[in-house]
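So the structure is just underneath, and the comments pick up after that.
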Amino acid sequence: MKQDIILAGVGGQGILSIAYVIDNAALADGLFFKQAEVHGMAQRGGAVQSHMRLSSDAIWSDLIPKGEADMILSVEPLEALRYFEYLRPGGIVVTSSTPYRNIPDYPDIDRVLEAVRKAPRSVVVDSEKLAREAGTVKAQNIVLLGAAAGSLILKEASLLATIDALFRGRGAAVLEANLKAFELGKKAALGA
Amino acid sequence: MSHQILLGDEAIALGAVHAGLSAGYSYPGTPASEIMEYLVRLAGETKAFTAVWSVNEKVAYEEALGASFAGKRALVSFKHVGLNVAADPFMNSAVTGANGGLLVVSADDPGMHSSQNEQDSRYYVQFAQIFAYEPSDHQEAYDMAREAFDVSERFGLPVLMRMVTRLAHSRSPVQTREPRGPNELKTGAAKDWTLLPMNARRRFALLLDRQPEMVRFSEESPFNVLKLNESDRSLGVIASGVGYNYFREAMKGEAALPSFLKVSTYPLPESLIRKLVGHVDAVLVIEDGYPFIERQLKGLFGIVGKTVLGKLSGAFPVTGELSPDIVRRALGRDPLPAVAASGLPLSGRPPQLCVGCPHGDTFKALNKALENYPGSNVFSDIGCYTLGALPPYNAVQTCVCMGASVGMARGASDVGLHPVLSVIGDSTFAHSGITPLLGAAFANTDMTVIVLDNATTAMTGGQPSYGTGERLLRIIEGVGVAKEHIRTIEPLPKNHEKNIQVIKEEIDYRGLSVIVAIRECVQETRKKRS
Ligand code: SF4
């Protein structure tokens with residue numbers, strides 16, 4: 001059993017928090033994992049990605065080879081497209097539909113979403129709307145994690161336990177918003 | 001004992017702590033910063049050792065060496081170019097030797113994710129003639145860091161750990177073991193540590209004498225693994241560090257592996273290499289960074305009757321980071337089937353200054369002030385503000401190395417350029433901007449230095465800065481800059497016109513001026529609020 005996931009987004013969108021939750025859930029589930037991430041200059045509003053590898057067997061490469069990714073999980077639709085060549089045939093793209101426009105030549109969003117839907121399988125959720133509904137627009141990353149949860153090889157209980165551990169220290173309201181964001185993302189994915 | 005999720009960098013840090021570390025020193029730099037971040041955090045919790053962000057890498061190295069001379073185990077870490085800054089004490093410490101175990105971690109950045117070059121620290125290892133490790137995964141990073149202190153104490157020499165970005169910034173569980181306590185204080189070998197020529201000659205001869213023993217130690221290290229394939233002698237692989245992972249990844253699902261040697265220590269395990277090369281017709285060398293092993297294997301004349309493949313032969317690109325895909329191709333395996341690129345032209349998304357960053361306001365004022373000076377040059381330094389080289393600012397024209405902007409500005413001014421400006425952050429200024437300013441102040445060089453005081457080392461995530469606020473102003477004055485030409489501005493949109501005026505006035509003054517642009521990094525302000 002293995003699952004290779006490209007996490008994508010823009011620096012500052014909380015990719016590393018998604019990775020943190022998946023890492024800890026994987027540890028709880030007794031899986032091997034390696035998760036390569038980006039630090040430094042690119043974190044300043046640039047394109048960032050993390051290669052997340054989960055497996056019941058030992059893992060060699062920290063990077064996912066092209067054609068091995070089972071999933072692209074992106075907090076930003078244009079960023080989801082950047083890693084298509086990593087996706088295996090039959091792989092799934094789970095992405096937000098909310099564009100992050102910090103560049104002058106951001107393409108037409110309809111064309112971006114149309115391209116996303118060309119993936120073998122895709123789940124597109126309006127993470128901004130759902131995060132607001134959950135109580136904080138900052139929880140878009142957790143909305144996406146919720147949207148992906150049904151397709152992950154991890155136990156939902158392990159994911160929720162880590163979300164709990166991650167946000168508990170930041171106050172009850174923040175924790176509750178993130179748990180709700182997870183739920184809303186999950187529901188949206190079922191309906192998508 | 002227990003499993004912990006660690007970055008490769010953190011695995012080194014924890015390995016060092018468990019080996020009985022007494023003191024760690026570093027200057028921030030991607031991809032090495034997380035080593036000291038972790039040590040600082042742990043030292044804060046346990047109070048069991050000292051962990052310090054130093055003023056620069058040379059100072060960090062000297063601090064660590066001093067701790068080692070005092071008999072204690074010490075670690076110094078930096079990014080690869082940080083070793084250039086620390087090269088003087090580094091090279092000489094191979095001659096003095098270490099007392100308490102001394103681990104030097106140098107993190108290379110193949111592919112230049114966050115760096116100005118791709119230099120390979122293994123050349124420094126060879127240059128200094130010391131022992132080094134190159135881990136391929138997190139567990140090795142931990143285990144090697146632990147072992148490194150024993151090896152350092154055994155040879156009485158510093159030991160280096162070569163890291164690369166990919167492993168430094170990857171997370172995985174690590175199995176940790178029982179920690180051990182620190183060394184006792186122990187002073188001593190004055191004649192070894194005082195490199196007067198007569199002492200240095202004796203010590204250098206000793207260093208050379210130790211080389212065969214180090215090679216033997218490398219040959220016997222269990223971290224180097226040789227596996228010969230008796231039925232297929234066509235190809236052998238020599239792979240080091242993360243290159244080994246990509247080799248194994250590419251061969252996944254194959255019934256048999258070609259003969260291979262995993263290289264994890266330096267000096268190279270010569271006898272193992274001879275065995276592998278003797279066994280096969282062609283050798284493929286897989287290494288992230290420069291073709292360090294390949295070049296030694298080939299020498300000037302190559303190996304008679306054998307083919308050596310690698311970066312020099314064109315089997316891999318000479319520049320950039322290795323990847324599983326590149327290695328797969330070099331091993332002659334077809335690419336995996338994959339989904340086609342979307343076809344939509346994807347605009348790049350380069351890094352940029354945060355919204356509301358003080359540097360943005362300074363650059364706007366600077367650009368405006370320079371409008372009527374066509375022949376100007378703005379020398380910049382290393383930090384977030386280097387992004388001022390990109391649109392929409394296009395405000396600076398250089399980025400070479402830490403502190404370089406001040407010295408380069410002086411050189412350009414000396415030969416007649418006007419106006420000449422230098423733009424440097426407060427942390428970079430403390431790192432190595434003060435020394436060149438001392439000379440420029442003495443000569444009253446016609447140049448304008450703008451110190452961007454955002455009160456932190458922002459680019460690497462907000463480490464402390466030693467020359468900020470009032471202290472910074474006192475340093476500048478103390479260096480000898482005329483008080484009336486030390487100006488301060490607050491880079492905010494509402495001060496735009498005022499700030500332009502200040503910059504213009506100081507450009508028009510034909511001597512040395514320093515303008516300090518004071519406003520905190522917005523990320524730090526945010527951190528304090530939450
Ligand atoms: S981290 Fe601070 S200094 Fe760097 S770009 Fe952001 S606001 Fe500016």
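The values are calculated or read from the model by the stated rules, or taken from the named source; none is laboratory data. None of these values were measured; they are calculated from a predicted model. Every residue, glycine as well, gets a Cβ built from its backbone with ideal geometry; the counts of neighbours run over all protein chains shown. All accessible areas refer to the heavy atoms of the entire protein, side chains included, with ligands and DNA or RNA removed. Shrake-Rupley method; radii C 1.70, N 1.55, O 1.52, S 1.80 Å.
Has region B:476-496 got any residue that is within 23 Å of B:S114 (Cβ to Cβ), outside the structural domain of B:P28 (by TED's automatic domain parsing), assigned to a helix (DSSP H, G or I) and within 16 Å of the ligand (Cβ to nearest atom)?
no
Considering only residues of region A:24-47 that are in contact (Cβ under 8 Å) with a residue 40 or more places away in the chain and at the interface with chain B (Cβ under 9 Å from one of its Cβ atoms), which is most open to solvent (accessible area, probe 1.4 Å)?
That would be A:N24.
Only helices (runs of 4 or more DSSP H) wholly contained in region A:100-183 count here; list those with 3 or more residues that are more than 14 Å from chain B (Cβ to nearest Cβ), closer than 16 Å to A:E79 by Cα and in contact (Cβ under 8 Å) with a residue 60 or more places away in the chain.
Because the criterion is at least 3 residues that are more than 14 Å from chain B (Cβ to nearest Cβ), closer than 16 Å to A:E79 by Cα and in contact (Cβ under 8 Å) with a residue 60 or more places away in the chain, the helices (runs of 4 or more DSSP H) in region A:100-183 that meet it are A:140-149.
Of the residues in region B:501-517, how many are in contact (Cβ under 8 Å) with a residue 60 or more places away in the chain, away from the ligand (no atom under 13 Å from the Cβ) and within 16 Å of B:L452 (Cβ to Cβ)?
Result for region B:501-517: 5.
Just checking, which of B:T460, B:T456, B:T445, B:T468 is more than 26 Å from B:Y25 (Cα to Cα), touching a helix residue (DSSP H, G or I) at 6+ places or on another chain (Cβ under 7 Å) and either touching a residue at least 24 places away in the same chain (Cβ under 8 Å) or more than 16 Å from the ligand (Cβ to nearest atom) (or both)?
Only one candidate qualifies: B:T445.
Any residue at all in region B:222-239 that's open to solvent by 10 Å² or more (accessible area, probe 1.4 Å) and part of a helix (DSSP H, G or I)?
no
Please indicate, with yes or no, whether at least one residue in region B:294-304 is of a type in the set (A, V, I, L, M) and either within 14 Å of another protein chain (Cβ to nearest Cβ) or not in a loop (DSSP other than H, G, I, E, B) (or both).
Yes, that holds for at least one residue.
How about region A:71-94: which of its residues are of a type in the set (S, T, Y) and either within 24 Å of B:C354 (Cβ to Cβ) or at the interface with another protein chain (Cβ under 9 Å from one of its Cβ atoms) (or both)?
A:S74, A:Y86
Among the residues in region B:167-188, are any in a helix (DSSP H, G or I), touching a residue at least 24 places away in the same chain (Cβ under 8 Å) and within 14 Å of another protein chain (Cβ to nearest Cβ)?
So far as region B:167-188 goes, yes, one or more of its residues are in a helix (DSSP H, G or I), touching a residue at least 24 places away in the same chain (Cβ under 8 Å) and within 14 Å of another protein chain (Cβ to nearest Cβ).
Among the residues of region B:319-326, is any open to solvent by 60 Å² or more (accessible area, probe 1.4 Å) and more than 16 Å from the ligand (Cβ to nearest atom)?
yes
Listed here are the residues, each with its yes/no results for (1) more than 15 Å from the ligand (Cβ to nearest atom); (2) within 14 Å of another protein chain (Cβ to nearest Cβ).
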position: B:F363; (1), (2): no, no
position: B:S376; (1), (2): yes, no
position: B:D381; (1), (2): no, no
position: B:L387; (1), (2): no, yes
position: B:Q397; (1), (2): yes, no
position: B:G403; (1), (2): yes, no
position: B:A412; (1), (2): yes, no
position: B:H418; (1), (2): yes, no
position: B:T428; (1), (2): no, no
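May I ask you to say which residue of B:L353, B:L346 is surrounded by 15 or more Cβ atoms within 10 Å (Cβ to Cβ), more than 14 Å from the ligand (Cβ to nearest atom) and modelled with pLDDT under 95?
B:L346
Only one of B:S422, B:S432 is more than 14 Å from chain A (Cβ to nearest Cβ), open to solvent by less than 10 Å² (accessible area, probe 1.4 Å) and hydroxyl-bearing (S, T, Y). Can you tell me which?
Residue meeting the stated conditions: B:S422.
I'm checking my understanding of the structure. Among residues of region B:346-357 that are over 26 Å from the mean Cα position of the chain (by Cα) and facing chain A (nearest Cβ under 7 Å), which one is nearest to B:T386 (Cα to Cα)?
B:S347
Have a look at B:A389, B:A409 and point out the one that is surrounded by 23 or more Cβ atoms within 10 Å (Cβ to Cβ), in the same structural domain as B:V451 (by TED's automatic domain parsing) and among the hydrophobic types (A, V, I, L, M, F, W, C).
Only one candidate passes the filter, namely B:A409.
Please state which one of B:A86, B:A94, B:A107 is of a type outside the set (K, R) and more than 15 Å from the chain's Cα centre (by Cα).
B:A94
Which one is nearest to B:R202 (Cα to Cα), of the residues in region B:174-192 that are in contact with a Gly (Cβ under 7 Å, 6 or more places away or on another chain), of a type outside the set (D, E) and open to solvent by less than 80 Å² (accessible area, probe 1.4 Å)?
B:N183
Cβ-Cβ under 7 Å, sequence separation 6+ or interchain: first residue in region B:7-35 and within 12 Å of chain A (Cβ to nearest Cβ), partner open to solvent by 10 Å² or more (accessible area, probe 1.4 Å) and part of a strand (DSSP E or B). Which pairs?
Within 7 Å, the pairs are B:L7/B:R171; B:P28/B:W53; B:P28/B:T457; B:G29/B:K79; B:T30/B:K79; B:P31/B:K79; B:A32/B:K79.
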